[in-house]
Number of protein chains: 2
Amino acid sequence: MKALLFDKKLRFSENEPIPTPPPGEALIKIKMAGICNTDIEITKGYMGFKGIPGHEFVGVVEKINDADQSLLGKRVVGEINCACRQPDCEYCQRDLGRHCPNRTTLGIFNRNGCLSEYITLPLVNLLEVPDNIPDEIATLTEPLAAGFEILEQLTILPSHEVLIVGDGKLGLLINHALSTTGAKITHVGKHADKLELVKTNGCKTILLDEMPEKKYDIVVEATGSASGFDFSVSHTKPRGTLVLKSTIAADQKINMNPVVVDEITIVGSRCGLFKPALEYIKTGVDLSPIVQKVFPTEKALDAFELAKTRGSLKVMVDFN
Amino acid sequence: MKALLFDKKLRFSENEPIPTPPPGEALIKIKMAGICNTDIEITKGYMGFKGIPGHEFVGVVEKINDADQSLLGKRVVGEINCACRQPDCEYCQRDLGRHCPNRTTLGIFNRNGCLSEYITLPLVNLLEVPDNIPDEIATLTEPLAAGFEILEQLTILPSHEVLIVGDGKLGLLINHALSTTGAKITHVGKHADKLELVKTNGCKTILLDEMPEKKYDIVVEATGSASGFDFSVSHTKPRGTLVLKSTIAADQKINMNPVVVDEITIVGSRCGLFKPALEYIKTGVDLSPIVQKVFPTEKALDAFELAKTRGSLKVMVDFN
């Protein structure tokens with residue numbers, strides 16, 4: 001099968017073996033796959049991952065190694081963490097398979113990813129996608145779920161003043177997720193054209209250069225930069241909450257003193273459950289402006305190059 | 001009056017004017033004052049403070065500029081943040097005067113501190129100390145309250161496994177505060193003799209070199225070092241809570257990635273209310289081993305030098 005392959009460098013292969021689904025797993029023919037910043041970090045050595053990257057996809061179930069064949073032939077999206085589900089696993093028992101210490105993660109840790117024609121995933125990870133949702137929108141379920149993860153961790157009330165920092169693709173999807181809370185949302189970023197894309201969600205938008213000194217009850221940092229972190233801390237109220245949605249390069253200097261002095265709570269936030277995200281997509285909301293370009297399979301390396309470009313929105317590869 | 005004075009350098013003065021209490025405030029004759037790491041940071045430029053440092057004390061009320069004279073002649077301790085208490089102040093209205101943006105702070109911000117013979121403080125900040133509590137133990141109310149602050153911010157259950165990192169004076173006082181929760185507490189530090197001081201609280205103690213890989217529900221970082229922060233993160237369970245109790249020098253490199261990946265919550269924690277701390281002291285618990293040495297007034301500069309020594313416990317100045 002065709003696949004992007006990373007081992008020290010990223011290359012396109014036409015001869016990768018089609019995987020065989022182990023018990024409880026399905027073989028999925030990929031239709032569309034998205035490229036995430038984590039994939040780019042992987043090509044810089046993140047997680048020491050070698051193999052096929054990619055964890056955002058929509059595909060069709062071609063084969064199931066299980067008595068339950070109900071998803072056969074269905075179009076699905078899939079959660080990326082594959083937990084051990086053992087009775088002695090604290091996290092699996094708490095329904096937090098995303099934190100199972102024995103987990104594999106699609107295209108990130110010990111499991112080949114979806115920038116390829118085929119993957120396997122456990123049946124329990126799969127959710128059927130209604131026919132009326134286009135492939136590229138369904139592919140956004142995974143990064144959108146990362147936005148909805150915030151709502152699993154935090155109670156956001158309509159009375160809360162919320163600031164989203166960063167107008168990249170993650171920031172914009174977070175805006176969509178948080179728009180469901182009714183909170184008073186302000187979105188700050190560097191790009192008027194990107195901020196324009198979320199104005200329809202009813203939020204206020206501010207260009208970074210025009211940001212006032214105001215502090216917010218809840219701030220969501222979605223830039224992944226040390227300067228974005230400092231900016232976010234300085235705009236969080238004393239006793240307020242800062243959601244850290246992006247990893248920040250480990251060699252940056254970060255000033256944690258205001259976190260102590262203002263007793264700020266920082267909530268690290270990563271992958272989310274797909275259900276709330278898919279339900280939101282089913283409402284018919286138009287997420288298409290977040291998809292910048294879809295490349296054909298053979299141009300997957302070009303897709304990666306575009307995804308690496310500063311300021312690019314979501315780039316996808318069409319495996320249909 | 002005699003006082004320690006900081007303006008670029010720290011010096012001992014015998015001729016400072018005795019302050020006059022403004023309306024609503026009391027003049028307090030200091031009996032004993034403690035030296036905190038924050039005082040040491042102030043002599044390095046923290047907060048740009050100039051004047052008399054010090055915010056841990058016990059003293060006797062000598063004069064009150066208010067109709068309510070009930071505390072006159074009483075021995076008191078005093079909370080260090082002096083809030084504006086205005087009806088339009090969000091934090092004062094939420095009973096969070098500690099975060100009032102217009103506050104002054106004893107010996108830290110816009111208000112002379114207690115390493116001197118006299119201070120003034122608002123009456124509302126003062127709590128009477130029972131006669132049977134020695135001066136040096138009463139002086140520990142302030143740093144002990146910083147430990148109890150954790151219990152105002154977090155729910156700690158007997159089922160929780162808690163790790164306290166750092167066996168300095170703050171770490172030891174935190175141990176006392178958290179021992180009231182019934183949680184399963186482990187205290188890790190570098191000094192067997194210091195860890196010995198909290199064993200009577202029923203906790204488990206571990207030397208840093210012998211620390212296993214175990215992760216905890218709640219970790220309290222009380223070392224104030226970047227390495228202590230990294231250590232604390234690595235011993236916090238996914239979805240667990242890390243309480244950041246000390247400021248960390250701003251020029252350190254900190255790796256926040258595990259915070260995102262493991263969805264750790266970091267809770268910045270600073271000053272606490274005095275009441276729970278004083279109630280704990282009233283139980284008669286023996287905190288005296290935490291006081292390393294008490295210096296006479298004229299030796300206040302020597303006291304400061306000892307307090308700066310790596311590994312020193314609480315150093316105090318006797319102004320009686």
- request: Return yes when B:Phe57 is closer than 30 Å to B:Gly224 by Cβ and over 17 Å from the mean Cα position of the chain (by Cα) and no when it is not.
  value: no
query: What number of residues within region B:132-165 are under 15 Å from the mean Cα position of the chain (by Cα) and part of a loop (DSSP other than H, G, I, E, B)?
result: 2
- prompt: Is it true that B:Leu71 is within 29 Å of B:Glu152 (Cβ to Cβ), touching a residue at least 24 places away in the same chain (Cβ under 8 Å) and over 23 Å from the mean Cα position of the chain (by Cα)?
  reply: yes
- prompt: Tell me, which residue of region B:247-279 that is more than 7 Å from chain A (Cβ to nearest Cβ) and under 15 Å from the mean Cα position of the chain (by Cα) is most open to solvent (accessible area, probe 1.4 Å)?
  reply: B:Lys275
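Quick grid of which residues meet (1) assigned by TED's automatic domain parsing to the domain that holds B:Cys82; (2) open to solvent by 10 Å² or more (accessible area, probe 1.4 Å); (3) out of contact with any Gly (no Cβ under 8 Å at 6 or more places or on another chain):
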residue: B:Thr120; (1), (2), (3): yes, yes, yes
residue: B:Val124; (1), (2), (3): yes, yes, no
residue: B:Pro134; (1), (2), (3): yes, yes, yes
residue: B:Glu149; (1), (2), (3): no, no, no
residue: B:Lys169; (1), (2), (3): no, yes, yes
residue: B:Leu172; (1), (2), (3): no, no, yes
residue: B:Thr180; (1), (2), (3): no, yes, yes
message: Give me the residue from region B:221-246 that is more than 7 Å from every other protein chain (Cβ to nearest Cβ) and assigned to a strand (DSSP E or B) and, out of that set, surrounded by the most Cβ atoms within 10 Å (Cβ to Cβ).
response: B:Glu221
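For region B:59-83, name all the residues that are farther than 19 Å from B:Thr20 by Cβ and part of a strand (DSSP E or B).
Start the filter on region B:59-83 by keeping residues that are farther than 19 Å from B:Thr20 by Cβ, which leaves B:70, B:74-75, B:77, B:79-81, B:83.
Within region B:59-83, B:Arg75, B:Val77, B:Asn81 qualify.
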Complete set of residues in region B:84-102 that are surrounded by 21 or more Cβ atoms within 10 Å (Cβ to Cβ) and outside any helix (DSSP H, G or I): B:Cys100
task: Mind listing just one residue for me: the one in region A:103-118 that is within 17 Å of A:Gly34 (Cα to Cα) and within 13 Å of another protein chain (Cβ to nearest Cβ) and, of those, surrounded by the most Cβ atoms within 10 Å (Cβ to Cβ)?
output: A:Ile108
field: Odd one out for B:Asp286, checked against (1) open to solvent by less than 10 Å² (accessible area, probe 1.4 Å); (2) over 17 Å from the mean Cα position of the chain (by Cα); (3) more than 9 Å from chain A (Cβ to nearest Cβ)
entry: (1)
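Taking A:Ile218 as the residue in question, decide whether it is facing another protein chain (nearest Cβ under 9 Å) and either β-branched (Val, Ile, Thr) or open to solvent by 10 Å² or more (accessible area, probe 1.4 Å) (or both). First the steps, then the outcome.
Details: facing another protein chain (nearest Cβ under 9 Å): no; either β-branched (Val, Ile, Thr) or open to solvent by 10 Å² or more (accessible area, probe 1.4 Å) (or both): yes.
No; evaluated as a whole, the condition is false for this residue.
Report yes if A:Pro238 is without any contact (Cβ under 8 Å) to a residue 12 or more places away in the chain and in the same structural domain as A:Leu154 (by TED's automatic domain parsing), otherwise no. Even if it seems obvious, please write down each step before you answer.
Details: without any contact (Cβ under 8 Å) to a residue 12 or more places away in the chain: no; in the same structural domain as A:Leu154 (by TED's automatic domain parsing): yes.
Here the answer is no, as A:Pro238 does not meet what is asked.
Conditions tested, residue by residue: (1) surrounded by fewer than 17 Cβ atoms within 10 Å (Cβ to Cβ); (2) of a type outside the set (A, V, I, L, M, F, W, C); (3) touching a residue at least 60 places away in the same chain (Cβ under 8 Å).
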{"site": "A:Thr141", "(1), (2), (3)": "no, yes, yes"}
{"site": "A:Glu152", "(1), (2), (3)": "yes, yes, yes"}
{"site": "A:Val165", "(1), (2), (3)": "no, no, yes"}
{"site": "A:His176", "(1), (2), (3)": "no, yes, yes"}
{"site": "A:Ala183", "(1), (2), (3)": "no, no, no"}
{"site": "A:Leu197", "(1), (2), (3)": "no, no, yes"}
{"site": "A:Thr205", "(1), (2), (3)": "no, yes, no"}
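The values are calculated or read from the model by the stated rules, or taken from the named source; none is laboratory data. Please read these numbers as outputs of a predicted model, since none were measured by experiment. Note: ideal-geometry Cβ built from the backbone for every residue, glycine included; neighbour counts use all protein chains shown. Note: accessible area is taken over every heavy atom of the protein model, side chains too, but ligands, DNA and RNA are not part of it. Shrake-Rupley method; radii C 1.70, N 1.55, O 1.52, S 1.80 Å.
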